[in-house]
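As structure tokens, the structure follows; a few thoughts come after it.
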Amino acid sequence: MSWRVVVVSSRCKLDLKMGYMVIRGEETKRIYLEEISVLMLENPAISLTGCLLEALVERKIKVIFCDSRRSPAAELVPCHGCHDSPRKLRQQLSWTPEMKGAVWTMVIGEKIRQQAQLLAEEKKQREALLLESYIPQIEFQDRTNREGHAAKVYFNALFGMDFSRRSDDPINAALNYGYAILLSAFNREIAASGYLTELGLHHDNVFNQFNLSSDLMEPFRILVDRCVLSMEISERSPEVKRQLLNILNTHIRIADAQQTVLNAIRIYLKSVWEALNQNDISALCFYDL
């Protein structure tokens, strides 16, 4: 089973040899491809051979390309995620608005529950109780926007009343970086399952290639928030990015077992597909710490 998150930062050439990714830079290193789950390329000067790209796609290794600021800019997404992609696409197109709305409503409720739990951990009891009171108020498809109200209370409680998600500052940069890592992980698993990331449950932006991923990752955002909150962030440092990337290797509890976040995403999405394909909302399985 793949488990390694590999970050390549320096200018080099990546090649394939005997099942290994060969990194040719100031030194030559080799990493067995079967061990890699995520490959992060932080330097635009890194070059890859076509043979290596083919092998990465075949093994469903998530490849993230960064820009000159070392922020995620693109990713490698296979055209065909699994052997029965046409069947999965038919399933996806047959999901009813009622079931999509029901799943989305549950996802938003879980997101707010996780936010309230983090606030309680941070001794923000008043705000935590307020968010908990929003959960039973959530209507179908969150028509009254409890998610938006919760977000305002949540971020102001965590980062101060002057904090805004629209600001260009180190905290927002860290949050956005962590969310981008999570989004890439969801894209990988959704594509590997044979579904289209473009067709969301709630998000339907015609310019967003990852509407479905944006929908389903919502409860996992709190893992990034918790990580950012645990660090003293005053600048956009490589160490901050390393810790955020390592979130994928941390352990959380799902389906009565401890799993890495990467495995938990896979288990969670499998429960989502079961709920949507069998019209059974009780199949949904969420994580806990």
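Tabulated data
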quantity: Condition check for Pro44: open to solvent by 30 Å² or more (accessible area, probe 1.4 Å) and either of a type in the set (Ser, Thr, Tyr) or under 25 Å from Asp204 (Cα atoms) (or both); calculated: no
quantity: Unmet criterion (only one of (1) open to solvent by less than 70 Å² (accessible area, probe 1.4 Å); (2) of a type in the set (A, V, I, L, M, F, W, C); (3) more than 30 Å from Ala191 (Cα to Cα)) for Leu129; calculated: (1)
quantity: Subset tally (residues that are exposed (fewer than 11 other Cβ atoms within 10 Å of the Cβ), at pLDDT below 95 and among the hydrophobic types (A, V, I, L, M, F, W, C)) for the stretch 79-103; calculated: 1
quantity: Count of residues meeting criterion [outside any helix (DSSP H, G or I) and either free of Cβ contacts under 8 Å to residues at least 24 places away in the same chain or within 28 Å of Trp104 (Cβ to Cβ) (or both)] in the stretch 233-272; calculated: 12
quantity: Residues of the stretch 202-232 classified as in a loop (DSSP other than H, G, I, E, B) and either crowded, with 18+ Cβ neighbours inside 10 Å or of a type in the set (Gly, Ala, Ser) (or both), total; calculated: 3
quantity: Residue in the stretch 43-60 that is farthest from Tyr177 (Cα to Cα), counting only those that are outside any helix (DSSP H, G or I) and without any contact (Cβ under 8 Å) to a residue 60 or more places away in the chain; calculated: Thr49
quantity: Failed criterion for Ser214 (all others in (1) among the hydroxyl-bearing types (Ser, Thr, Tyr); (2) in contact with a Leu (Cβ under 6 Å, 6 or more places away or on another chain); (3) closer than 30 Å to Met99 by Cβ hold); calculated: (2)
quantity: Top-ranked residue in the stretch 273-289 [being assigned to a loop (DSSP other than H, G, I, E, B) and either at pLDDT below 95 or of a type in the set (D, E, K, R) (or both); ranked as most open to solvent (accessible area, probe 1.4 Å)]; calculated: Leu289
quantity: Scan of the stretch 79-89 for residues that are among the hydrophobic types (A, V, I, L, M, F, W, C) and not in a helix (DSSP H, G or I), ordered by number; calculated: Cys79, Cys82
quantity: Meets criteria (touching a Lys or Arg at 6+ places or on another chain (Cβ under 9 Å) and either in a helix (DSSP H, G or I) or surrounded by fewer than 18 Cβ atoms within 10 Å (Cβ to Cβ) (or both)) for Ile23; calculated: no
quantity: Residues of the stretch 146-184 satisfying the condition of being open to solvent by 40 Å² or more (accessible area, probe 1.4 Å) and of a type in the set (Ser, Thr, Tyr); calculated: Ser164, Ser167
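The values are calculated or read from the model by the stated rules, or taken from the named source; none is laboratory data. From a predicted model like this one, the values you see are computed outputs, not experimental measurements. Here Cβ is always computed from backbone atoms with ideal geometry, including for glycine, and neighbour counts include all displayed protein chains. Surface accessibility is based on the protein's heavy atoms, side chains included, excluding ligands, DNA and RNA. Shrake-Rupley method; radii C 1.70, N 1.55, O 1.52, S 1.80 Å.
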